[in-house]
Amino acid sequence: VQLVESGGGSVQAGGSLRLSCAASGIIFRLHAIGWYRQAPGKQRELVATITTGGSSNYLANSVKGRFSISRDNAKNTVYLQMNNLRPEDTADYYCKVLTGGYDSWGQGTQVTVSS
């Protein structure tokens, strides 16, 4: 499986970004996908997950009401819409295939939020 994250950047607090995760090497529509993030000096944490059918079944408390996750199975892509960004959202963001026993990570995309 190959995962390519994109869409990161530098924004001011209150801004928005949409991250994309393009997957290949799997039958994408059959797998749940998760977004993780890792801030400098901190452990990687799960931010959001989405089921095969597109129902968002998990959002971390820290991002509820601000982030949303969606998928386009025709494009083999999962999105993370991030609104009202805060400095504490600054991190490298990664996606991962949650089902099927895959343990691959993409290169991540960096998000920097300034106050």
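The values are calculated or read from the model by the stated rules, or taken from the named source; none is laboratory data. Bear in mind the structure is a predicted one, so any value in this text is a computation, not a measurement. Glycine gets a Cβ as well: all are built from the backbone with ideal geometry, and neighbour counts include every protein chain shown. To get the accessible areas, we keep the full protein, side chains included, count just its heavy atoms, and leave off ligands, DNA and RNA. Shrake-Rupley method; radii C 1.70, N 1.55, O 1.52, S 1.80 Å.
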Of the candidates 8, 49, 93, the farthest towards the positive dipole end of the chain (Lys/Arg Cβ +1, Asp/Glu Cβ -1, centred on the Cα centre) is 49
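For the stretch 21-91, what is the accessible area per residue in Å² when the probe is 1.4 Å?
Numbers: 3540 Å² over 71 residues.
With all protein chains present, the stretch 21-91 gives 50 Å² per residue.
Ignoring ligands, DNA and RNA, what percent of the 1.4 Å accessible area of the chain is carbon and sulfur?
Values: 2590 of 5830 Å².
Taking all protein chains in place, the chain shows 44 percent carbon and sulfur surface.
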Below 8 Å, C-alpha to C-alpha, sequence gap of six or more: please give me the relative contact order for the chain in percent. 37 percent
Mind checking which of 38, 81, 12 has the largest fluctuation in a GNM of the chain, springs on alpha carbons under 10 Å? 12
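What percent does the relative contact order of the stretch 20-86 come to when contacts are Cα pairs within less than 8 Å and at least six residues apart? Intermediate values should be presented prior to the final figure.
Working: 107 pairs, mean separation 20.5, N = 67.
Reported relative contact order: 31 percent.
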